[in-house]
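*Asks:* Sharing a structure, written as structure tokens. Questions coming.
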Amino acid sequence: MVTEMLVGLNVVNDEEYQAYRDEMAPILKRYGGGFGYDFRVAEVLTSRTDAPINRVFAIYFSNEDSMNSFFSNDEYLKVRQRHFEKSVTDTTIIATYER
């Protein structure tokens with residue numbers, strides 16, 4: 001089974017966010033992860049949160065342990081601090097599931 005998350009973000013700095021994605025991608029790959037879908041969103045019609053969303057993506061991992069290890073990896077956390085925190089104001093986990 002693959003563990004996947006559907007995530008909504010409010011990206012406020014596209015260049016900085018792209019730097020985040022570029023630097024985290026090799027780390028993600030080491031944990032058996034990748035992106036299945038990635039969308040820029042022009043309009044949100046229904047949402048369970050007040051947080052704005054302008055980007056939606058599906059990120060997957062080979063299993064839940066790999067996902068948890070990735071998100072707690074020191075190298076990843078440094079990349080996140082360097083780029084993600086400057087480029088994203090809101091994060092919404094829409095769903096986490098196995099497929």
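Nothing in this text is a laboratory measurement; each read-out follows from the coordinates by a stated rule. Fair warning: this is a prediction, and the values are worked out from it, not measured in the lab. Note that we place each Cβ from the backbone using ideal geometry, even for glycine, and neighbour counts take in every protein chain shown.
*Asks:* Among (1) 15.4; (2) 13.9; (3) 20.2, which is the computed Kirkwood radius over Cα pairs in Å?
*Replies:* Read-out from the structure maps to (2).
*Asks:* Okay, moving on. Can you give me the distance in nm between label points at Thr91 and Arg48, each placed 7 Å from the Cα along the Cα-to-Cβ direction?
*Replies:* 1.8
*Asks:* Calculate the dipole size of the chain relative to its Cα centre from +1 charges on Lys and Arg beta carbons and -1 charges on Asp and Glu beta carbons; express the result in debye to the nearest 20. Before the final figure, lay out the partial values.
*Replies:* On the way: 11 positive and 16 negative charges, 18 e Å.
The dipole magnitude comes to about 80 debye.
*Asks:* Go through segment 30-37 residue by residue and turn each phi into a ³J(HN,Hα) via Karplus (6.51, -1.76, 1.60, θ = phi - 60°); whole Hz please, and just put x for glycine and proline.
*Replies:* After applying 6.51 cos²θ - 1.76 cosθ + 1.60, I find 4, 9, x, x, x, 10, x, 9 Hz.
*Asks:* Which one, Asp65, Asp74, Asp50, has the greatest fluctuation when you compute a Gaussian network model over the chain with C-alpha springs under 10 angstrom?
*Replies:* Looking only at Asp65, Asp74, Asp50, the biggest GNM fluctuation is shown by Asp50.
*Asks:* Which whole-number percentage describes the relative contact order of segment 3-98, with Cα contacts under 8 Å and a sequence gap of 6 or more?
*Replies:* Reported relative contact order: 52 percent.
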